[in-house]
1. Show me the ranking of peptides B:211-219, B:199-207 by mean Cβ neighbours inside 10 Å, starting with the highest.
2. Longest segment of chain B with no GluC sites (Glu not before Pro) in a DSSP loop having at most 15 other Cβ atoms within 10 Å?
3. Roughly how big is chain B's charge dipole about its Cα centre, with Cβ charges of +1 (Lys, Arg) and -1 (Asp, Glu), in debye to the nearest 20?
4. Determine the shape class of the range B:11-77: with a ≥ b ≥ c the square roots of the Cα gyration tensor eigenvalues, call it rounded for a/c under 1.5, and otherwise prolate if a/b is greater than b/c, oblate otherwise.
5. Peptides A:31-37, B:224-230: what's the order by average Cβ count within 10 Å, highest mean first?
6. Once the Cβ-Cβ distance between B:Glu6 and B:Asn183 is put in as r, and R0 is 30 Å, what FRET efficiency do you end up with, to the nearest 0.05?
7. Quantify how strongly other chains surround peptide B:120-127 by giving the mean number of their Cβ atoms within 10 Å of each of its Cβ atoms.
8. Treat each spin label as a single point 7 Å out from the Cα along the C-beta direction, and report the B:Ala154 to B:Lys87 distance in nm.
Amino acid sequence: MKKQDIPQDESNLQSANMTEMLYVTDENNNYTTAQSIGWEAKKAALDESMELIYERIAEAKQNVANGIVSPIIYFMELNKMDLQVLAAYVDKWQWTVKRHTKPKIFKKLSDSTLKKYADAFGISVDELKNFDGK
Amino acid sequence: MKINFEHHQTAHCENGVASNLLLNKGLKLSEPMIFGIGSGLFFVYLPFLKVNFAPGFSYRPMPGAIFSKAAKRLGIKIKRQKFSNPKDAQTALEKNLEQNIPTGLQVGVFNLTYFPEEYKFHFNAHNLVVYGKENGRFLISDPVMDFATSLSEAELEKVRYAKGALPPKGHMYFPTYIPEAVNLEEAIKKGIKDTCKNMLAPVPIIGVKAMRWVAKSIPKWAEKKGTKVTNHYLGQLIRMQEEIGTGGGGFRFIYGAFLQEAAVILKNDELKELSKEITAIGDLWRDFAVDIARVYKNRNSKSDIYNQLSKSMLHIADLEEAFYKKLKKAI
């Protein structure tokens, strides 16, 4: 990429006061570096990914409200986790975590188990227990 | 305590940590040099490993591989440590700082407080340098940032003990021995040969062959999984390609810069021409990302778009195959 072609598009980097460094070529075709504040193509991909995450969070919230899944699913989505990542954080098998996402089984969980989940989500046990999706 | 350490921003975290750590010890190697000698160009496709609800693509080798390979080829020794207990990990890091050793860390990205929200996801192979501790906060040189930053003890522990795929487990590393004189010519040749070998590997999940597999899968995803899922997979392809300096276009440009430097050191003009060639390929990767972004915008675009994207990627794979074959012969 030529130095003069480097994109300077509005992006998510600005919120953190960041710029990116890129290797570009100058007028004599020699490599140098330059800063970019963002690139539209990349922003589109990031926005798509965030949109999917918001959709999943909203769906999880609805499912908790309807008693289909336990609050674990909602906070898992809120923290951009999947079952694999969450299982690693609470140090349990994936199938165990999956069981805990059923409302009936969730209600019977001990406080020490709930604490593991709450810690993984960075919230209190009460917040986890009392989330009703409404 | 604060070690005299220069923070330089780089395009990719692992090269950046490596070149910043070596510079601190008096060995001046550019980011592209580390990247080229460490064979940073790579492509792997793991269709059965789901990351962020999409198949696993990666434009980079396993975390740590670039620095380890570069160090080996330059005769540098690196010490790597992991700790099962977070307290031990912190003690060991502080001990290093007391002995004036700036230390590289593998960390998870999700809890890096200074990153923008959109960049926080469960990716555990980011690299940064800790070069001091002041008022209870660790001083951080994160090579993808313009400026040095800091993290509290609790924040640093969180990122060092991130969980999920590739957990860092407190992984810290630092060079312990650097030879008086390094044989740059030999190291460059070894690095180039290894890159050609990887990218031309006769297995379907690695290198040019893997790119072709992904390319051919694009229309199939559209047919079997529908537009929404396909677009998400394509988004993942761009993110892996262009996220914070890694991947397709960006990596080709770093490699172009490397070949330009290598041409001078090896007195080989052919490498200069090949530098131009990989630069042009890098531009095509960026065009490919723009074309994917366009698919999002015109939501009801013609169904042929996925075939066109597939063709573009196959074209890039053809050009790359020819490039690595020429490169192999050139050295």
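Rule-based calculations on the coordinates, nothing more; no lab input. None of these values were measured; they are calculated from a predicted model. We place every Cβ from the backbone using ideal geometry, glycine too, and count neighbours over all the protein chains shown.
1. B:211-219, B:199-207
2. B:7-179
3. 1140
4. Values: a/c = 3.08, a/b = 2.49, b/c = 1.24.
In terms of gyration-tensor shape, prolate.
5. Numbers: A:31-37: 16.4, B:224-230: 13.9.
Put in order of decreasing packing, that is A:31-37, B:224-230.
6. That gives a FRET efficiency of 0.75.
7. 2
8. Result: 1.8 nm between the two label points.
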